[in-house]
Every structure is written in structure tokens, then in C-alpha cells.
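Scroll down for the structure; my scribbles are underneath it.
No value in this document is a laboratory result; all are computed from the given coordinates. These figures come from a predicted structure and were not determined experimentally. Note that each Cβ is placed from the backbone with ideal geometry, even for glycine, and that neighbours are counted across all protein chains shown.
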Amino acid sequence: MANVLLIAEHDGTNLNPSTAKSVACAANIEGAEVHVLVLAADAAGVAAEASRLDSVAKVLTVSNPANENALAAVLAPQIVALADGYDYVFGPSTTFGKDLMPRVAAMLGVNQISDIMSVEGSHTFKRPVYAGNAIVTVNAPEGHTVVATVRTASYRAVGSDNAAPVEAVDPGVELPTHTRFVELQTGQSDRPDLQTAARVVSGGRALGSSESFDIIYALADKLAAGVGASRAAVDAGYVPNDMQVGQTGKIIAPDLYLAIGISGAIQHLTGIKDAGTIVAINKDEEAPIFEVADIGLVADLFDAVPELTEALD
Amino acid sequence: MEKILVGLKRAVDYNVRVRVKSDGSGVETDGVKMSINPFDEIALEEALRIRERGEASEVIVLSIGPGDAQQQLRTGLAMGADRAILVEADAALDALDRARVFKAIVDREGVELVVLGKQAIDDDNNQTGQMLAAVWDRPQATFASEVAIDGNTARVTREVDAGLETIEVDLPAVITADLRLNDPRYVKLPDIMKAKKKPLDTLALADLGIEASPAIEETHFAPPEARQKGIMVDDVSGLVTALKDKGLI
Ligand SMILES: Cc1cc2nc3c(=O)[nH]c(=O)nc-3n(C[C@H](O)[C@H](O)[C@H](O)COP(=O)(O)OP(=O)(O)OC[C@H]3O[C@@H](n4cnc5c(N)ncnc54)[C@H](O)[C@@H]3O)c2cc1C
């Protein structure tokens, strides 16, 4: 048997979809028994959600006011205290997991495997390197806990027809106070979440201003799509950072991705490799985005996008 | 504070189209342009600005890697770092060992702030800063887009999936740089000349008495699966038809 401790990501109220995708990865390990650990101020609601996830054998909860915000320095010692007896400790490769899991790994005295995209054996995994330009097969050392993050875009969320038992646990460790949460600014939006949306419309530098981005939003709303952006559009201040797609932004896998006025730099493409259908609208027929697009249209976006929005009526 | 330590990794330049070797043993690096990992350049720029504001007195750059990494350290000195340390090691060193090297230098030098890039664009690991914070038992402020030092604390804004998170950490601490933290300065010719006179010490890994961690073995490299060739449409109505044909709208 292989015991997997999976660290749940949540916002205090809801489980983040990255957890259900990470469960799907963990379940691919032969003989896996997956336990989900919820660290929260009050873990009950999130734990109830986690207990419904298929392939989960048990949900462990730690309710502690210190866990109100996900601070790696506070969460890591609790995870390490509870990791005893587990062969694997997994988290999602979101900013939450990327921040937290290496700290856990180092405290356990092991290296970490980042961004698992497939499980090839009990200690063998595939992961992307060089912005996804190479896929490397890695072997974790036998006889040591395997700490890893899961590239969530490589997995489909497990279903939620389960009723796994929930158990409160006490890590019994002292927590540091050297790291303090101040505030979180989020771009409130009623649009589908970029990381889980079935359709995503992204705009690039070509939009030229945040006002011009309105045509992207209008098209996205017609398609009930989430909205993303290239780094250039974020850097120029047209849209907030949480909309960046790519190597250093979000790695997404929608069924439909529309890249509008985006050239297709490798750092951007690595974020959309798993998209079902990629549509590109660009006025330069030589733009590298056309090398990966399933449907390409050479056009001025300021004509084509409003026309497309209209045509979708 | 006295000293800031910055890591500079020698990595394949971000403009290079990386190719996997035909025998699957790695990626082609012969004759390929090497540079400072872009995130590390941003980390160094931030450290220099902290020093220039009078909040620190010395910036030390550290590279762990082959002898050639001296080039990247010289660039760092030309940008304005005060001195450099090269810890000569096999390029395949794992992140925990790198973190232990940083920790050894932190102890030797009495460093109060370490600024690293959030990830290296070769292995894309995004681990070393967090691991250093763990082995040092100090705070970590990863993916920073804004840093303000205030006496013995640092206030750091972090780029997270939900937006921008601000945290406060006590020093000593580890900060890792995200892309929007700053725009690194350009190096001018006189700076390159001056950098030649700045101290660059070389240490062997063995000098630091670091215990090697259980290694992750990279057994095979392959190119990613290619996407199937797509179609070009002439106009918006062609695009709508193509989307309908695929059942997407
Ligand atoms: C370490 C590192 C990490 C990075 N991480 C990321 C990342 O996570 N995500 C990311 O996106 N980038 C990332 N980048 C940046 C990346 O290299 C590119 O610079 C960026 O993606 C370019 O954005 P863009 O395509 O919007 O802009 P550009 O490359 O300037 O492309 C604009 C495109 O718009 C087209 N265009 C212009 N006007 C019109 C018009 N009227 N109608 C139609 N088309 C038009 C042009 O033909 C061009 O193709 C990273 C870079 C580095 C060095």
C-alpha cells in the first residue's frame, strides 16, 4: 500500500478545484490510499467538501486560528508533524503549493518533484522543464518520503460521490510568529475562474490599453469564458497580475482558448499546451502562435473581435 | 542591515529555443547562449536598490555551479554587487543541496536577507528559496512584486493566484523575486571594467561540509508532444463555421 497525504488548498470556505485534480494524480499511484489534510481556522466546511471527493479514503482536519491565512512557515511544521507514516506528501502546483511544499520537503530532508504531469511508477514521474520545451522522467529515491507538487492542468478533477470519514487531528507543534498576513487584494469578478473555465479568451500587448480590453471582456461574456492575458498585457497595466497565463502565470487547460493579439512566446505557450482547441487572431501571419493554433485567423483584432462577438448572437 | 546575499544561476538564455538531445540524455547546451537566470537578475536589482536606499551596506552574489558561472558573477558585479562567491559544483545538484550551500554562506557571512529568483528557467523547480528558509528556520516571502524594508521587518507583496497578498516578515528572511518586482538596470562598459577588480572567491563544495541529500535522478528527456497542425480561416465567418464544426459553440 502507498499512503498519500494530500494538502488541501482552500480559501477558508471553499475547496480550490486544484485539490480534486491533485487527488486524481495521487490516485494514479498503485495501491494509493489518499488522505486529504485540511488546515484552516475552522476546517469543517472545507473538510465536508473534501470528503465527497472520489478516491479519498480519509480527511484529516486541523482547526486553528493560526491557519486563517495560508502562510507556508505556519503550515509547514504542522504538515511535517503529521507526515509520519506517509510515503507521499503531495500538494497542487498553484502558488499555494509552490510556496508551501518545498518548505515541507526541506524540513523532511528530501528534495521535491515539482509539477508532476504523469505518474509512471511508484517513484517515477514525468515533469516539464525549460518552459515545457522538454519533458523529463525522474526517479525519486526509494526509502524516502516523496514530496511533490501536481501540475493540475494535466489532470481532470475526480468526481464527488464519496463520503470519506473526517477526523480531527492535532499536530502538537509550536508555530512561528515571524510571518504575518497583512492583506489580500483580489480582482473581484463574476466571470468564470481562469484556472477552471472551460473557455478562456486572452488578450495581449496588441490591445494597447485597459479600455481596449473591453472588447476582450465582451467576447468572453458572450462565450461565458474566463479572461486571461499575456505577460506583456499585465506588465503594461492593462489587466491585473492574476490574469497572466504562462510559465510564470497560470497553467490552464480549457476546452477552448482564444489568443488575441498575442505573439505566442514560448513562455506564454507553456501555459496553454493542454488546451483542447487553440484559436489565434493576429495580424501578423508569421506570428509563432499560428504554429500551435488549431484555428488561425490573420486579421486586425479591432475589426475581428467585435465582429466575432456580434456573430455569436 | 549589513549584508544581503543574492543567488545568480547560470542558465540557458530565455530567448534560446531549447532542443532535447537525440539520445534523451538532456538538452543541447553546446554553443548555446548562457545568461543569468532572469528572475535572479531581478533579485539582484532589488538588493542593489535596498543598499542604495541605505538599508543595507553590502550585496554579495553567490553562484553554485561550474567554473563558467564566473561570467554571470562578473555581470552581477558589473550591475553593482560588492563581491562574489562561486561554489564550484556539478550542475545537477538538487535544490535541497543548493539551499544548504546558501545556508552555509549565510552562516559564514552573517547575512540578514537573502534574495533569490522565484524559479530558474531551466529546471523550473521553484524550490530553493523556500528550502533555504526551511533549513534556516526563518520566514519566506515568495513571488515578491513589492518589497519595503522597515527596520527589522520586511513588508512584501506577493503575486498569488488570487491576486496580490501582502505579508510582513521578521528579518532575517528569504525573499524570492517575481517578474514585476523591478526592471533590472543595464550594465555599462565602465562598470564591466570596474567589476574586474572586485573580489570573486571560489570555494569547493567540500569546503562547506555539506551533506548530500537523497538525489532525484533524471533518467530521460523527451520533446513535448507536438500539437496537430491546425487550419487557417479567411475571415470571421470562417472562424465561426470552424468552431461550430468542432462543436465548440
Ligand atoms: C522569465 C520569463 C518569464 C515569462 N513568463 C511569461 C508568462 O508567464 N506569460 C506570458 O505571456 N509571457 C511571459 N514572458 C514574456 C514573453 O516572453 C513575451 O514577451 C510575452 O508573452 C509577449 O506578450 P504578447 O504576445 O502580448 O506581446 P508581443 O510579443 O508584443 O505580441 C503582440 C502580438 O500582437 C499582434 N498584433 C499587434 N497589433 C495587432 C492588431 N491590431 N490585431 C491583431 N494582432 C495584433 C502582433 O503581431 C504580435 O504578434 C516571460 C518572459 C520571461 C523572460
**Complete:** In whole angstrom, the spacing between the Cα centers of the stretch A:131-195 and the stretch B:192-249 equals 21 Å
**Complete:** Dividing the helical contributions, -39500 (n - 2.57) per DSSP H run of n ≥ 4, by the residues of chain B yields a 222 nm value, nearest 500 deg cm²/dmol, of -8000 deg cm²/dmol
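How big is the charge dipole of the stretch A:2-168 about its Cα centre, in debye rounded to the nearest 20, if each Lys and Arg gets +1 on its Cβ and each Asp and Glu gets -1 on its Cβ?
Details: 9 positive and 16 negative charges, 88 e Å.
That gives the stretch A:2-168 a dipole magnitude of about 420 debye.
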**Prompt:** What distance in nm separates the simple spin-label points at B:ARG19 and B:GLN71, each placed 7 Å from Cα in the Cβ direction?
**Reply:** 1.9 nm
**Fill in**
Amide H contacts under 5 Å for B:ASN125, restricted to residues at least 5 apart in sequence or on another chain and with H modeled in the peptide plane, are B:ALA120
**Complete:** Ranking B:THR157, B:ALA43, B:GLY129 by how far each Cα lies towards the positive end of the charge dipole of the protein assembly as shown (+1 on Lys and Arg Cβ, -1 on Asp and Glu Cβ), the top one is B:ALA43
**Asked** Which whole-percent values make up P(r) of the stretch A:199-311 when all C-alpha to C-alpha distances are grouped in 5 Å steps starting at zero?
**Response** 2, 14, 26, 29, 21, 7, 0
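Determine the shape class of the stretch A:59-116: with a ≥ b ≥ c the square roots of the Cα gyration tensor eigenvalues, call it rounded for a/c under 1.5, and otherwise prolate if a/b is greater than b/c, oblate otherwise. Kindly include the intermediate steps, with their values, before the conclusion.
Values: a/c = 1.66, a/b = 1.25, b/c = 1.33.
Taking the square roots of the gyration eigenvalues as a ≥ b ≥ c, the stretch A:59-116 is oblate.
What FRET efficiency comes out for B:ARG108 versus A:SER210 if R0 is 35 angstrom and r is the Cβ-Cβ distance? Round to the nearest 0.05. Could the numbers behind the result be given before it?
Working: r = 48 Å, r/R0 = 1.38.
Efficiency at R0 = 35 Å is approximately 0.15.
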**Asked** Based solely on its DSSP helices, what 222 nm [θ] is calculated for chain A when runs of n ≥ 4 H residues each add -39,500 (n - 2.57) and the sum is averaged over all residues, nearest 500 deg cm²/dmol?
**Response** -7000 deg cm²/dmol
**Message:** Rounded to two decimals, what is the ratio between the C-alpha radius of gyration of the stretch B:58-174 and 2.2 N^0.38 Å?
**Reply:** 1.08
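Would you please classify the overall shape of the protein assembly as shown from the alpha carbon gyration tensor, given that a ≥ b ≥ c denote the square roots of the eigenvalues, rounded means a/c under 1.5, and beyond that prolate means a/b larger than b/c while oblate covers the rest?
Values: a/c = 1.55, a/b = 1.17, b/c = 1.33.
Judged from the Cα gyration tensor, the protein assembly as shown comes out oblate (a/c at least 1.5, b/c at or above a/b).
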**Prompt:** With each label point set 7 Å from Cα along the Cα-Cβ vector, what nm distance links A:LEU312 and A:ALA66?
**Reply:** 4.8 nm
**Item:** From the C-alpha gyration tensor of the stretch A:2-168, square roots of 5λ in Å
**Value:** 23, 17, 15
**Message:** Relative to 2.2 N^0.38 Å, what does the C-alpha radius of gyration of chain A come to as a ratio? Two decimals please.
**Reply:** 1.06
**Prompt:** What chymotrypsin sites (Phe, Trp or Tyr not before Pro) does the stretch B:124-229 have in DSSP loop regions with at most 11 other beta carbons within 10 Å?
**Reply:** B:TYR186
**Prompt:** Each residue of the stretch B:235-243 in order: what ³J(HN,Hα) in whole Hz does its phi give by Karplus 6.51 cos²θ - 1.76 cosθ + 1.60, θ = phi - 60°, with x for Gly and Pro?
**Reply:** 7, 4, 5, x, 5, 4, 4, 4, 5
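Nothing charged except the Cβ atoms of Lys and Arg (+1) and of Asp and Glu (-1): what's the magnitude of the dipole of the stretch A:199-311 about its Cα centre? Round to the nearest 20 debye. Kindly include the intermediate steps, with their values, before the conclusion.
Details: 7 positive and 16 negative charges, 81 e Å.
For this selection, approximately 380 debye.
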**Item:** Estimated FRET transfer efficiency (A:GLU167, A:ASN14; beta-carbon r; R0 25 Å; 0.05)
**Value:** 0.75
**Message:** Please give me, ordered by residue number, the trypsin sites (Lys or Arg not before Pro) of the stretch B:1-94 that lie in loop per DSSP and have at most 13 other Cβ atoms within 10 Å.
**Reply:** B:ARG17, B:LYS21, B:LYS33, B:ARG53
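Take every DSSP beta bridge with both residues inside chain B and express the antiparallel ones as a percent of the total, to the nearest 5.
Values: 18 of 45 bridges.
For chain B, the DSSP antiparallel bridge percentage is about 40.
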**Message:** Checking a compactness column here: for the stretch B:3-245, what do you get for Rg(Cα) / (2.2 N^0.38 Å), N being the number of residues?
**Reply:** 1.15
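Let a ≥ b ≥ c be the square roots of the eigenvalues of the Cα gyration tensor of the stretch A:219-283; is it rounded (a/c under 1.5), or, if not, prolate (a/b larger than b/c) or oblate? The partial results should precede the final answer.
Values: a/c = 1.34, a/b = 1.15, b/c = 1.17.
Judged from the Cα gyration tensor, the stretch A:219-283 comes out rounded (a/c under 1.5).
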**Request:** Would you mind telling me which residue in A:ASN14, A:ASN69, A:ASN282 has the biggest mean-square fluctuation in a Gaussian network model of chain A, where springs connect alpha carbons within a distance under 10 angstrom?
**Result:** A:ASN14
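Where does the charge balance sit around B:LYS197 when Lys and Arg score +1, Asp and Glu -1, over other residues with C-beta under 15 Å from its C-beta? Walk me through the numbers before you get to the answer.
Details: positive: B:ARG74, B:ARG83, B:LYS194, B:LYS196, B:LYS198; negative: B:ASP82, B:ASP191, B:ASP201.
So the surrounding residues net to +2.
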**Complete:** Checking A:THR152, A:THR277, A:THR186 against a Gaussian network model of chain A (alpha-carbon springs below 10 Å), the top fluctuating residue turns out to be A:THR186
**Prompt:** Which of the trypsin sites (Lys or Arg not before Pro) found in the stretch A:204-313 are in a DSSP loop and have at most 16 neighbouring Cβ atoms, other than their own, within 10 Å?
**Reply:** A:LYS283
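Could you give the length gained on full extension between A:ASP54 and A:ALA224, defined as 0.36 nm per residue of separation minus the Cα-Cα distance, in nm? Could you put the intermediate results ahead of the total?
Values: separation 170, 0.36 × 170 = 61.20 nm, distance 2.79 nm.
Once the chain is fully extended between A:ASP54 and A:ALA224, it gains 58.4 nm.
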**Prompt:** Along the charge dipole of chain A, Cβ charges K/R +1 and D/E -1, which of A:ILE272, A:VAL173, A:ALA225 sits furthest on the positive end?
**Reply:** A:VAL173
**Prompt:** Could you name the lysines in cross-link range of A:LYS58, using Cα to Cα under 23 Å and dropping any fewer than eight places away on the same chain?
**Reply:** A:LYS21
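In nm, what is the difference between 0.36 nm times the number of residues separating B:GLU217 and B:LYS229 and their Cα-Cα distance?
Result for the pair: 0.9 nm of gain on full extension.
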**Fill in**
One would report the antiparallel percent of DSSP beta bridges in the protein assembly as shown, rounded to the nearest 5, as 35 percent
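Quick check on the stretch A:1-153: of the DSSP beta bridges with both residues there, what percent are antiparallel, nearest 5%? Spell out each step's value before the answer.
Values: 9 of 33 bridges.
Within the stretch A:1-153, antiparallel bridges account for around 25 percent of the total.
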**Inter-part distance where the stretch B:66-81 and the stretch B:94-116 are each reduced to a Cα centre, Å** = 18 Å
